[in-house]
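The structure appears below as structure tokens.
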Amino acid sequence: MPVTRNRRGKDMKRLDIGVFLPIAKNGFVFSTAGPPYPPSYQTNLEISLLSERIGLDFVFSMSKWRGFGGASQFWDASHESFSLMAALAAATRRIDLIATVNPLLFHPAMMAKMAATIQDVSGGRLGLNIVTGATIGEYAQMGVIPENYNEHRYAYAAEWTRVLKRLWHESSVTHHGNYFRLEDCVSEPKPNPPPFLVCAATSDEGLRFTVREADWSFMSGTDLGMVKQYAARARSIAAEEGRKVKIAIPVMLVMGDTMAAAEAYQERLFEAADLGALGNIGRALSGENRDRAQLRGAQRLADRKAIYAGLPIVGTARDVADRIIDLAEDGEADCLLLILVDYMDGLQRFGAEVMPLLKAALDVGTQDGTGAGA
Ligand SMILES: Cc1cc2nc3c(=O)[nH]c(=O)nc-3n(C[C@H](O)[C@H](O)[C@H](O)COP(=O)(O)O)c2cc1C
């Protein structure tokens, strides 16, 4: 057996790496300088197949129902998360597929069967990311927001999740709760295995829900300090609850042959910042009755360089690898969601140049991934 030690002489840390798919228009960069990414199955298929080839672990799609306009028409159009993942399930062979659900939109019996179907198509590769809604307007436009939703959004999500899990495991479910009523409800077949669960929440109550019900806590921070604080909070709430949780973080990669080239590229993105869309998302988040949403909103309004929806990592392949190794070894991250300005180009480079460096220091990738780009 080869000795798997990292540069600090410890056992190698496992880091799962996946891709945050551009399911909504313009991807995750508030700038008109990158590709516009109109919602496209073909694009997301090519990205997923390449991710599989370079040995990544998963692809992840968010759920978005209303965008933020501006010159880039940011997120003004998007595909539905589960429908896209069902199609990708049939066309990929190994990579995990994580789709996002807001419990307001799917009854748990509907979700139970959708998951069982996609597990059958994919051979058991589905994960569910549970969200309670970044901006209420997205859901208010459909008239699905219950009264005082903000005060009990996680009670609603918890009841939904428990009913869902029962439907996945029990032959019949009778449940008389605050939000759902099921009488001798049958859901067959069972998903095999039951999908793993992720939750994107940032409040303490959201994190408590996450560690009780889910396997991963998905959180974004725009600087390392934020990410570290968040990870510490999630781990301390998990410890209080006697649970373990994996920390998943989106990272925005801006790579170049030299640091100067990467920074010049970033400067072009900043110059073409979509200030209209940034203002719109900033105002929408600032208006939310959630502390951390207000914080994220204020950051977007105050900083015209706040164009990324993940932790920026800028530099050469070596710089990118070193930052990722630090993120994993210092305990912040168990899973990374890669965001790229140009996904195909960026992933080829990541596979060919960054993955080999990561493999020397971390337990990353899969056996069959070549790590060598296309
Ligand atoms: C990294 C991340 C990704 C998210 N993705 C979505 C999403 O795709 N759709 C959505 O409606 N809400 C999304 N949200 C919003 C969260 O689910 C959550 O409802 C919101 O942050 C308010 O809850 P909180 O105060 O616990 O954070 C996301 C939040 C984070 C931190």
Vicinal HN-Hα couplings computed from phi for the stretch 171-186 (Karplus, 6.51 cos²θ - 1.76 cosθ + 1.60; Hz; Gly/Pro x): 6, 8, 10, 10, 8, 10, x, 6, 10, 10, 9, 10, 10, 6, 7, 10
Pairwise Cα inverse-distance average, inverted: Kirkwood Rh of the stretch 273-337 (Å): 13.6
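Please get the size of the charge dipole for the stretch 1-131, origin at its Cα centre, with Cβ charges of +1 on Lys and Arg and -1 on Asp and Glu, quoted in debye to the nearest 20. Intermediate results must be reported in sequence, preceding the final value.
On the way: 14 positive and 9 negative charges, 116 e Å.
Rounded to the nearest 20 debye, it is 560 debye.
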Mean Cα-pair separation over length for the chain, i.e. relative contact order, pairs under 8 Å, 6 or more apart, %: 23
Most fluctuating residue given options Leu358, Leu182, Leu167, as computed from a GNM of the chain linking Cα atoms under 10 Å: Leu182
Overall Cα dimensions of the stretch 231-351 - principal axes, largest extent first, Å: 46, 36, 21
Total lysine pairs under 18 Å (Cα atoms) in the stretch 16-359, excluding pairs fewer than 8 apart on one chain: 6
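Grab the other residues whose beta carbon is less than 15 angstrom from that of Tyr265, score K and R as +1, D and E as -1, and report the net. Can you show the working numbers first?
Details: positive: Arg268, Lys305, Arg349; negative: Asp257, Glu263, Glu267, Glu271, Asp319, Asp342, Asp345.
The answer is -4.
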Of Ile247, Ala277, Asn129, farthest towards positive along the dipole that unit charges on Lys, Arg, Asp, Glu beta carbons give the stretch 16-359: Asn129
9 Å beta-carbon shell around Glu241, net charge (K/R +1, D/E -1): +2
Point-to-point label distance, Arg318-Val186, nm (Cα→Cβ direction, 7 Å offset): 6.5
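Sorted by average packing, counted as other Cβ atoms within 10 angstrom per residue and highest first, what order do 132-142, 274-284 take?
On the way: 132-142: 17.6, 274-284: 19.7.
Going by the mean number of other Cβ atoms within 10 Å, highest first, we get 274-284, 132-142.
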Residues with amide H under 5 Å from that of Ile95, placed H, sequence gap 5 or more: none
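Treating only the Cβ atoms of Lys and Arg (+1) and Asp and Glu (-1) as charged, compute the dipole magnitude of the stretch 16-359 about its Cα centre; round to the nearest 20 debye. Intermediate results must be reported in sequence, preceding the final value.
Working: 34 positive and 41 negative charges, 76 e Å.
Around 360 debye, computed over the stretch 16-359.
In the chain, what percent of the accessible surface is made up of carbon and sulfur (1.4 Å probe, ligands and nucleic acids excluded)? Working shown, then result.
Working: 7790 of 15150 Å².
After summing per-atom areas, the C and S share lands at 51 percent.
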Net charge, Met344 excluded, C-beta distance under 14 Å - Lys, Arg +1, Asp, Glu -1: -2
Amide hydrogen neighbours beyond the local backbone of Ile247, cut-off 5 Å, H modeled: Ser217, Asp334, Cys335
Cα-only Debye scattering, the chain: base-10 log of I(q)/I(0) at q = 0.10, 0.11, 0.12 Å⁻¹: -0.62, -0.76, -0.92
Cα centroid of the stretch 51-92 to Cα centroid of the stretch 9-36, whole Å: 12
Accessible area (Å², per residue) of the stretch 16-359, counting only protein heavy atoms and a probe of 1.4 Å: 38
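The values are calculated or read from the model by the stated rules, or taken from the named source; none is laboratory data. What you see is a predicted model, and the numbers here were worked out from it, not measured in a lab. FYI the Cβ positions are ideal-geometry reconstructions off the backbone, even for glycines, and counts take in every protein chain you see. The accessibility values were calculated without ligands, DNA or RNA, using every heavy atom of the protein model including side chains. Shrake-Rupley method; radii C 1.70, N 1.55, O 1.52, S 1.80 Å.
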